[in-house]
1. Quantify how much of the Cα-Cα distance distribution of region 115-230 extends past 22 Å, in percent.
2. Kindly write out, for region 55-63 in residue order, the coupling ³J(HN,Hα) from the Karplus curve 6.51 cos²θ - 1.76 cosθ + 1.60 (θ = phi - 60°), rounded to whole Hz, with x marking Gly and Pro.
3. Considering only protein heavy atoms, what per residue accessible area in square angstrom results for the chain with a 1.4 angstrom probe?
4. To the nearest 20 Debye, how big is the dipole of region 55-145 about its Cα centre, given +1 on the beta carbon of each Lys and Arg and -1 on that of each Asp and Glu?
5. Probe radius 1.4 Å, ligands and nucleic acids ignored: give me the carbon and sulfur share of the accessible area of region 52-158 as a rounded percent.
6. Give me, ordered by chain and number, the residues 5 or more places off GLY75 or on other chains with an amide H under 5 Å from its own placed amide H.
7. Using +1 at the C-beta of Lys and Arg and -1 at the C-beta of Asp and Glu, which of GLN173, PRO109, LEU149 has the Cα lying farthest in the positive direction of the dipole of region 101-250?
8. For GLY26, enumerate residues with amide H under 5 Å from its amide H, sequence gap 5+ or separate chain, H modeled in the peptide plane.
Amino acid sequence: ECPELFELPIDGDENNKKWILYGGSGEYLIGDFDGKMFNSETGQIPFHSGNCFYASQTFNNIPKEDGRRIQIAWGRVAMPDMPFNQMMLFPVTLRLQTTEDGPRMFAEPIREIEQIHRRKRQWKNKTLKPGDNLLSSLSGELFHIQAELQVDDVEETGFVIRDVPIVYNVTKQQLSCQKKTASLKPVNGTIRLEILVDRTSIEIFGNKGRVYMPMGVLIADNSKSLEIFTKGGNTQVESLVVYKLGSVWR
């Protein structure tokens, strides 16, 4: 259902491209295409680790000088008492990157998100101790969060976004939200998290798109708090940036 077939360069090398074939669930194959026959070099590879991704499509006819492959998916999220059904997830840029498992498709929010950035708060080189919360003064509904966390000396770290925990377990090297999990290995002892907070979704990106976890959530209207936490040791916050977001509807 909803199949797509397109080419992506590996590590940005235009002279080294592979074809991607995927369907509604987001699982994809990597291979070659001669114009008539697609030959897969892999088994099915899961694209996301979330609970609401389905039936994505990418945009055609993006100008050559731009060159991005931009995808937008259907977010299958319940909408109680609303006069509409479900939602679209935030557009992401797709790229094919070399990993220890071979080439894999990464996803990151499109750069145009900067157009809806509003108030910015930023921290650098902070030691987060158990019980600390750098975000205690912030509240709201819509956020773009970017964090680089050094996790060598800690058991767990993460965020609580409007009462929804996002937890990184250092021993398991595992990122979790609600009942979904994804493997996320530190790079030189550091993980990078990017989080988009909407009214009925929280989309999580790990290590520059190596992990993509779009989560449909039902958030209480009176829950607007943010927390960054650490357990079993101190987390070194190398960088933390929080933007409040405006609406895409203008």
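The values are calculated or read from the model by the stated rules, or taken from the named source; none is laboratory data. Being a predicted model, the structure only gives us computed values, none of them experimental. Here the Cβ positions follow ideal geometry from the backbone for every residue, glycine too, while neighbour counts run over all protein chains shown. Protein only, heavy atoms only, side chains kept; ligands, DNA and RNA dropped before computing areas. Shrake-Rupley method; radii C 1.70, N 1.55, O 1.52, S 1.80 Å.
1. 29
2. 3J(HN,Hα) across region 55-63, in whole Hz: 6, 6, 9, 9, 8, 8, 6, 5, x.
3. 52
4. 360
5. Carbon-and-sulfur percentage of accessible area, whole number: 44.
6. MET87, MET88, LEU89
7. PRO109
8. Under 5 Å from the amide H of GLY26 lie the amide H atoms of ALA55, each far enough along the sequence or on another chain.
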